[in-house]
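Scroll down for the structure; my scribbles are underneath it.
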Amino acid sequence: MTADRHPDPAFWAGKRVVVTGGAGFLGSGLCHALGALGARVTAIDALLPGMGGRRANLEGSGAELVVADLREADLAPVLAGADIVFNMAAQISHAGSMADPFSDLAINATAQLRLIAALREAAPGAVVVHASTRQFYGRAQRLPVDEAHPVVPPDFNGVSKFAGEQYWMVEHRVHGRPVVSLRLTNCYGPRLRIADARQMFLGIWIRRVLEGEPFELWGGEQMRDLAYLDDVVSAFLLAAETPGCAGRVFNLGGDAPLALRRLAEMLVAANGGQGRFVVREFPPERRAIDIGSYAADDTAFRAATGWAPRVPLPEGLARTLAFFRPRLTPFLQDAA
Ligand SMILES: NC(=O)c1ccc[n+]([C@@H]2O[C@H](COP(=O)([O-])OP(=O)(O)OC[C@H]3O[C@@H](n4cnc5c(N)ncnc54)[C@H](O)[C@@H]3O)[C@@H](O)[C@H]2O)c1
């Protein structure tokens, strides 16, 4: 496969695409890209409070938003005739899964079975690209982490996300649906939830920097490989375009891994040197579910698709800050 491949506009023109969780951070990024490629896009989103979904995230994308909850809605009519489904809806908070494991399970696992059944009826041939997570590997036993790494979920969210992914893979093996699952690392970029740290720690860091307040760095030596929104979106598009991806699970990383202390310094530098952080010990309840250092081995996905990340961290951080700077206030309000 050619290295550094781009999504093919000829593939997407006129395609009927459904994006679950389409008003969220990654889902809306996909909707914007798909609109620009000429696809006909429907976003399904329940706009649940405490998550990344916002109606305004879809403004200018051309996507139609259907406000519906995967746990209870009649999904078949929305899915009818879909060529491709990007399955991005999820309960994403790790601490939230420990506080309310039943909602986490209902969204990340049980609702996936509803979606699978509805899709069998409404769009038997649709390709599914499922948003999975590196979270369920738990504390890395070796770095970088490849797909053969043991699964040892550190929290309930890891259990429910693994179950959800595996339901989809069974659907491929038993019913032959083309399904590919991408196990994402930490992603960041425009439309990330920045009101708090529920989506990821970088959200609250961005908020504090733009408010001129110090942000907290817990620990600081742990390594992460952050992926910029546009690179994640390209990965999803290429996964759907590549028939050889069907039936496979892939890790998806980002830029080279770095210590969070270095990331904090880079964020301040990307804000023109304005901003500061204080280093704190992890709160005990967060320490208990933290995965420590992580770096993805995503050579399998690169080999299968020709994907490579293009946006280096300093540039991605600068672009993200530039996006939020004039929009801080609306992004501090919850889903609407
Ligand atoms: N952002 C990351 O760093 C990251 C990392 C690993 C995995 N992922 C995965 O990527 C996917 C997208 O994450 P995101 O960061 O864009 O989160 P997000 O919160 O911005 O988007 C998820 C969306 O799903 C919607 N949703 C949740 N439950 C729903 C339901 N029952 N019915 C309909 N809609 C529902 C929410 O309203 C929200 O808009 C998720 O599956 C997540 O687990 C994200």
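Where a number appears in this text, it was derived from the coordinates with a stated rule and is not lab data. Just so it is clear, the structure is predicted and the values come from calculations on it, not from any experiment. Glycine also receives a Cβ, built like all others from the backbone with ideal geometry; neighbour counts cover every protein chain displayed.
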For region 114-124, in order, what is each residue's ³J(HN,Hα) by Karplus, 6.51 cos²θ - 1.76 cosθ + 1.60 with θ = phi - 60°, in whole Hz (x at glycine and Pro)? 5, 5, 4, 5, 5, 5, 4, 6, 8, 8, x
Residues Ala308 and Ala246, FRET efficiency given R0 of 30 Å [Cβ-Cβ distance, rounded to 0.05]: 0.90
Using the Cα centre of region 213-273 as origin and beta-carbon charges of +1 (Lys, Arg) and -1 (Asp, Glu), tell me which of Ser234, Val249, Phe215 is placed farthest towards the positive end of the dipole. Val249
The chain: angle of helix 25-36 to the longest principal axis, Cα-based, in degrees nearest 10: 60
Under unit Cβ charges (Lys, Arg +1; Asp, Glu -1), what dipole magnitude, rounded to 20 debye, does the chain have relative to its Cα centre? 220
For region 161-291, just say rounded, prolate or oblate: build the C-alpha gyration tensor, square-root its eigenvalues into a ≥ b ≥ c, call rounded for a/c under 1.5, and beyond that prolate if a/b exceeds b/c, oblate if not. prolate
Amide H contacts under 5 Å for Phe277, placed H, 5+ residues apart: Phe215
For the chain, give the share of DSSP beta bridges that are antiparallel, in percent and rounded to the nearest 5; count only bridges with both residues there. 5
Given backbone amide H placed at 1.01 Å from N, residues whose amide H is under 5 Å from that of His130, ignoring those fewer than 5 places away on the same chain, are Asn87, Val180, Ser181, Leu182
What distance in nm separates the simple spin-label points at Val278 and Asp100, each placed 7 Å from Cα in the Cβ direction? 3.0
Can you give the charge dipole size of region 200-294 about its Cα centre, rounded to the nearest 20 debye, using +1 on the beta carbon of Lys and Arg and -1 on the beta carbon of Asp and Glu? 180
For region 53-65, in order, what is each residue's ³J(HN,Hα) by Karplus, 6.51 cos²θ - 1.76 cosθ + 1.60 with θ = phi - 60°, in whole Hz (x at glycine and Pro)? x, 9, 3, 5, 4, 9, 4, x, 8, x, 6, 8, 9
Inter-probe distance in nm under a simple model that places probes 7 Å from Cα toward Cβ, at Arg327 and Ala80: 3.3
Sorted by chain and number, the residues with a modelled amide H under 5 Å from that of Val66, at a separation of 5 or more or across chains, are Ala43, Ile44, Asp45
Which of the three applies to the chain, rounded, prolate or oblate, going by the alpha-carbon gyration tensor with a ≥ b ≥ c and a/c under 1.5 meaning rounded? rounded
Based on the alpha-carbon gyration tensor of region 47-181 and its eigenvalue square roots a ≥ b ≥ c, which shape applies: rounded if a/c is under 1.5, prolate if not and a/b is larger than b/c, or oblate? oblate
Selected from Val151, Val279, Val268 as most flexible by GNM, with the chain as the system and alpha-carbon contacts under 10 Å: Val279
Helix-only mean residue ellipticity at 222 nm, the chain, DSSP H runs n ≥ 4 weighted -39,500 (n - 2.57), per residue, nearest 500. What is it? -10500 deg cm²/dmol
Region 258-315: GluC sites (Glu not before Pro) in DSSP loop, at most 12 other beta carbons within 10 Å: Glu281
I'd like the orientation of helix 229-241 relative to the chain: the angle between its Cα long axis and the longest Cα principal axis, in ° from 0 to 90, rounded to 10. 20
Rounded to the nearest 10 degrees, the helix 260-270 long axis (Cα) sits at an angle to the longest Cα principal axis of the chain of 90
How about region 189-254: which GluC sites (Glu not before Pro) there lie in a loop by DSSP and see at most 13 other Cβ atoms within 10 Å? Glu221
Can you tell me, using C-alpha contacts under 8 Å and at least 6 residues apart, the relative contact order of the chain as a whole percent? 21
